[in-house]
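Peer 1: Supplied in structure tokens, the structure appears directly below.
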Amino acid sequence: MSTKLSIINHDRRIFKGKYIYPVVSRRAGGLSIGINLNTNSACNWQCIYCEVPNLKRGKPEPIDLALFKEELIYWLNQIVHKDFLDKHTEPGTLLKDIAFSGNGEPTAAKEFAAAVKVVMEQIRSFQLENKISVRLITNGSYLDHSATKKAWGQLENLNREIWFKIDAIDPVETKRINQINISKKSITSNLKSSIQISPTIIQTCILKINNELPSMKAINDYINFLKPFADSLKAIHLYSLARPTEQSTSDSIERLSYDELQLVANNIKQLKVPVLSFI
Ligand code: SF4
């Protein structure tokens with residue numbers, strides 16, 4: 001197969017396993033080994049911009065850990081010991097991370113701790129300790145659970161990052177954008193836990209909803225919420241709609257232009273946390 005993976009060719013179906021998919025990611029800065037624990041496309045949130053087709057509410061189905069491990073070893077072997085990178089990515093592309101991402105909230109899986117352990121063991125086995133990171137792309141909603149903290153805590157001696165989703169602070173806005181009921185207190189508790197157990201990056205999707213940019217109030221709420229955590233955050237990633245949403249919503253949503261996203265980024269820079277925009 002001569003297919004090349006690039007940041008515009010993200011199609012997971014090209015190299016499809018059940019749990020593992022390689023993808024070239026601009027935010028990861030190279031090749032990412034993606035882990036999808038939510039094979040039934042179930043999430044506890046339903047963000048209006050979510051790109052997961054046929055997303056449903058719920059938890060992941062049981063995970064076949066033996067198959068998960070087999071797929072991970074297969075892909076690590078292809079990428080580290082064989083010529084996958086030369087054949088299927090642009091010259092100079094390197095393996096950057098193993099990322100728990102996928103079609104729903106990964107920490108909702110009962111087997112999350114066991115899956116993290118498999119990843120940790122294979123990073124050691126392929127001697128990737130100082131070469132790649134393990135990333136958790138999460139809506140953060142399970143991070144203050146002791147089981148989740150313990151699961152991620154297994155990685156304390158490895159490079160790791162939590163990419164923690166915060167799109168809005170006001171409960172009316174989170175209801176509208178993420179379609180969940182979550183209090184500011186819960187977001188605070190989850191974010192504190194994230195910072196306790198891992199270097200943390202905030203990931204924020206900014207949208208034009210019904211032709212309107214986020215209000216100054218929403219931006220100020222966001223800045224004021226993050227202020228007490230600013231010294232503990234590694235970065236803030238801002239992005240907008242990359243592909244059409246797969247969710248049906250009564251609101252119309254649109255991608256921001258580069259300049260519009262920069263205006264938001266310039267406001268947020270007052271936090272003195274590195275702000276990176278991806279559009
Ligand atoms: S948290 Fe992620 S997977 Fe879940 S609905 Fe939102 S964007 Fe989709």
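The values are calculated or read from the model by the stated rules, or taken from the named source; none is laboratory data. Values in this document were obtained by computation on a predicted structure and should not be read as measured data. Cβ placement follows ideal geometry from the backbone for every residue including glycine, while neighbour counts extend to all protein chains displayed. Heavy atoms of the whole protein, side chains included, go into the accessibility calculation; ligands, DNA and RNA do not. Shrake-Rupley method; radii C 1.70, N 1.55, O 1.52, S 1.80 Å.
Peer 1: For the chain, what is the percent of antiparallel DSSP beta bridges, rounded to the nearest 5? The partial results should precede the final answer.
Peer 2: On the way: 10 of 41 bridges.
Taking every DSSP beta bridge with both residues in the chain, the antiparallel ones total about 25 percent.
Peer 1: A further question follows. Would you mind calculating the relative contact order of the chain from Cα pairs under 8 angstrom and at least 6 residues apart, reporting the percent as a whole number? Intermediate results must be reported in sequence, preceding the final value.
Peer 2: Numbers: 526 pairs, mean separation 48.3, N = 279.
Dividing the mean separation by the residue count of the chain yields 17 percent.
Peer 1: Compare Q203, Q247, Q127 in a GNM of the chain, Cα atoms joined below 10 Å, and give the one with the largest fluctuation.
Peer 2: Result: Q127 has the largest fluctuation of those listed.
Peer 1: How big is the charge dipole of the chain about its Cα centre, in debye rounded to the nearest 20, if each Lys and Arg gets +1 on its Cβ and each Asp and Glu gets -1 on its Cβ?
Peer 2: My answer is approximately 320 debye.
Peer 1: Within straight cross-link reach of K59, meaning Cα distance under 20 Å, which aspartates and glutamates are found once same-chain residues fewer than 8 apart are removed?
Peer 2: The reachable aspartates and glutamates, counting only those whose Cα sits under 20 Å from K59, are E51, E105, E111, D144, E246.
Peer 1: Could you sort L65, L191, L55 by their accessible area in this structure, using a 1.4 Å probe and putting the largest first? All intermediate terms of the calculation are to be shown ahead of the outcome.
Peer 2: Details: L65 55, L191 0, L55 20 Å².
In descending accessible area the options line up as L65, L55, L191.
Peer 1: For the chain, what does the accessible surface come to per residue with a 1.4 Å probe? Please give it in Å².
Peer 2: Heavy-atom accessible area per residue stands at 47 Å².
Peer 1: Using only Cα atoms, tell me the angle between helix 112-125 and the longest principal axis of the chain; keep it within 0 to 90° and round to the nearest 10.
Peer 2: Result, in degrees: 50.
Peer 1: For the chain, what is the calculated [θ] at 222 nm in deg cm²/dmol (nearest 500), taking -39500 (n - 2.57) for each run of four or more DSSP H residues and dividing by its residue count?
Peer 2: Rounded to the nearest 500, it is -8500 deg cm²/dmol.
Peer 1: How large, in percent, is the carbon and sulfur part of the accessible surface of the stretch 12-278 at a probe radius of 1.4 Å?
Peer 2: Roughly 49 percent of what the probe reaches on the stretch 12-278 is carbon or sulfur.
Peer 1: For the stretch 69-85, in order, what is each residue's ³J(HN,Hα) by Karplus, 6.51 cos²θ - 1.76 cosθ + 1.60 with θ = phi - 60°, in whole Hz (x at glycine and Pro)?
Peer 2: Working through the residues one at a time gives 5, 4, 5, 5, 5, 4, 6, 4, 4, 4, 7, 7, 9, 10, 9, 4, 4 Hz.
Peer 1: So which lysines pass the test for K217, namely a Cα distance under 18 Å, with those fewer than 8 places away in the same chain ruled out?
Peer 2: K175, K184, K208, K227, K269
Peer 1: Under the definition of Cα pairs under 8 Å and six or more residues apart, what whole-number percent is the relative contact order of the stretch 158-279?
Peer 2: 27
Peer 1: Please report the accessible area of T188 (heavy atoms, 1.4 Å probe, ligands and nucleic acids excluded) in Å², nearest 10.
Peer 2: 40
Peer 1: Which loop GluC sites (Glu not before Pro) in the stretch 194-279, with loop taken from DSSP, have no more than 16 other Cβ atoms within 10 angstrom of their Cβ?
Peer 2: Sites meeting the loop and neighbour criteria: E246.
Peer 1: Which of Q46, Q78, Q262 moves most in a GNM of the chain, Cα contacts under 10 Å?
Peer 2: Q78
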